[in-house]
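**Q** One structure follows; several queries about it will come next.
Values in this text are rule-based calculations from the coordinates and carry no lab data. Bear in mind that the values here come from a model prediction, so they are computed numbers and not experimental data. As a convention, Cβ positions derive from the backbone with ideal geometry for all residues, glycine included, and neighbour counts pool all protein chains shown.
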Amino acid sequence: MSETRELIRAALEAREMAYTPYSHFKVGAALLAKDGTVWRGCNIENAAYTPTNCAERTAFFKAVSEGCREFSAIAVVGGREGPVTEECAPCGVCRQVMAEFCDPDDFRVILAADEEHYSVYRLRELLPQAFVPSRL
């Protein structure tokens, strides 16, 4: 099985762990580190809304908190409860977190409905003119 499909499968599995009692919009992410480790994340909602965390950031924060800083791809799968029917793109905050740790020309963002229906983008396509550490 291809690396892309394996990541999508991991994102689908992560989506099952989402805590979404308010929106019922479940998202899973699978972040591929350059060493081959896959870090999974799901969205976690909160009644106060602003403490809610997206699946993509959950995956990044888990990886970074364990010392991982080099990444090559992320798969994102999301939608209302039930089967996913279309692609779900990362929010702007998640794109900015990706820009902090990833090469915009090499990092792949895989948006998927399932293992057969997906699109692949480079981070630069999803976040042109990102605010990155080199601009400080």
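**Q** Just the residues that are in contact with a Pro (Cβ under 9 Å, 6 or more places away or on another chain) and under 19 Å from Leu7 (Cβ atoms), please, taken from the range 105-124.
**A** Val109, Leu111, Ala113, Asp114, Arg122, Leu123
**Q** Inspect all residues belonging to the range 64-72 and state whether any of them is touching a residue at least 24 places away in the same chain (Cβ under 8 Å), outside any loop (DSSP other than H, G, I, E, B) and closer than 14 Å to Leu7 by Cβ.
**A** Yes: one or more hits.
**Q** Within the range 90-123, how many residues turn out to be of a type outside the set (Lys, Arg), over 12 Å from the mean Cα position of the chain (by Cα) and farther than 18 Å from Arg135 by Cβ?
**A** Number satisfying all stated conditions: 10.
**Q** Further question on the same structure: Test Val132 against the stated conditions and say whether it is closer than 16 Å to Glu56 by Cα and of a type in the set (Val, Ile, Thr).
**A** No.
**Q** While we're looking at this one, here's another question. Being acidic (Asp, Glu) and closer than 16 Å to Lys26 by Cα is the filter; apply it to the range 63-121 and report the residue that is surrounded by the most Cβ atoms within 10 Å (Cβ to Cβ).
**A** Here is the first cut: in the range 63-121, the ones acidic (Asp, Glu) are 66, 70, 81, 86-87, 100, 103, 105-106, 114-116.
When the remaining residues are screened for being closer than 16 Å to Lys26 by Cα, the result is 81, 86-87, 114.
Values: Glu81: 11, Glu86: 10, Glu87: 16, Asp114: 14.
Out of the qualifying residues, it is Glu87.
**Q** Right, something else. Considering (1) under 23 Å from Glu125 (Cα atoms); (2) surrounded by 12 or more Cβ atoms within 10 Å (Cβ to Cβ), say which one Ile44 fails and leave the rest.
**A** In the conditions (1) under 23 Å from Glu125 (Cα atoms); (2) surrounded by 12 or more Cβ atoms within 10 Å (Cβ to Cβ), Ile44 misses (1) alone.
**Q** Follow-up. If I ask for residues that are among the small types (Gly, Ala, Ser) and assigned to a helix (DSSP H, G or I), which ones from the range 77-135 would you list?
**A** Result: Gly92, Ala99, Ser134.
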